[in-house]
Amino acid sequence: QVPLVESGGGLVQAGGSLRLSCAASGLTFSNYAMGWFRQAPGKEREFVAAITRSDSTYYADSVKGRFTISRDNAKNKVYLQMNSLKPEDTAVYYCAARPWFYSGSESEYNYWGQGTQVTVSS
């Protein structure tokens, strides 16, 4: 059973916005730090943003000021609001969960979603 399901991806023009959602099930959601990662074609998966159990947030330099991560523990969801999108943001975006503490390393996340495609046209 995959406990994380992403949605909200799609095709958008440069400068546009998208909001990704990730729904968790089978987890005590409030006990997990949540992260977003992305993988562009031909590249390794990279950290995008994370949010701790106490709502502290962390961002990759490439998205700082443009993306915002948030969570709703009552709905078992984490979100990624993406503004001022650029063609280089094109990637498959993955949601991930890590018990208790934040990490920027994908190897330290226990659960992963199947990914959602984001394509930004120039």
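In a DSSP loop and with at most 14 other Cβ atoms within 10 Å, the trypsin sites (Lys or Arg not before Pro) in the range 23-63 are K43. What separates the Cα centres of the range 18-73 and the range 87-120 is a distance of 6 Å.
In the context of the full protein assembly, S54 retains an accessible surface of approximately 90 Å², using a probe radius of 1.4 Å and ignoring ligands and nucleic acids.
The aspartates and glutamates within cross-link reach of K43, meaning a Cα-to-Cα straight distance under 19 Å and a gap of 8 or more places when in the same chain, are D61, E88, D89, E106. Taking other residues whose beta carbon is less than 15 angstrom from the beta carbon of N83, and scoring Lys, Arg as +1 and Asp, Glu as -1, yields +2. Taking chymotrypsin sites (Phe, Trp or Tyr not before Pro) that fall in a DSSP loop and have at most 16 other Cβ atoms within 10 Å as cut points, what is the longest piece of the chain between them? Counting only loop sites that pass the neighbour cut-off, the longest clear stretch is 1-99. Here the chain has 45 percent of its accessible surface on carbon and sulfur atoms, given a 1.4 Å probe and all protein chains in place. How much area per residue is accessible in the chain when the probe is 1.4 Å and only protein heavy atoms are counted (Å²)? Averaged over the residues of the chain, the accessible area is 50 Å².
The values are calculated or read from the model by the stated rules, or taken from the named source; none is laboratory data. Since the structure is predicted, the reported quantities are computational estimates derived from the model, not experimental observations. When we count neighbours, we look across all protein chains shown, and the Cβ atoms used for this are built from the backbone with ideal geometry, even at glycine. Calculation scope for accessible area: heavy atoms of the full protein, side chains included, ligands and nucleic acids excluded. Shrake-Rupley method; radii C 1.70, N 1.55, O 1.52, S 1.80 Å.
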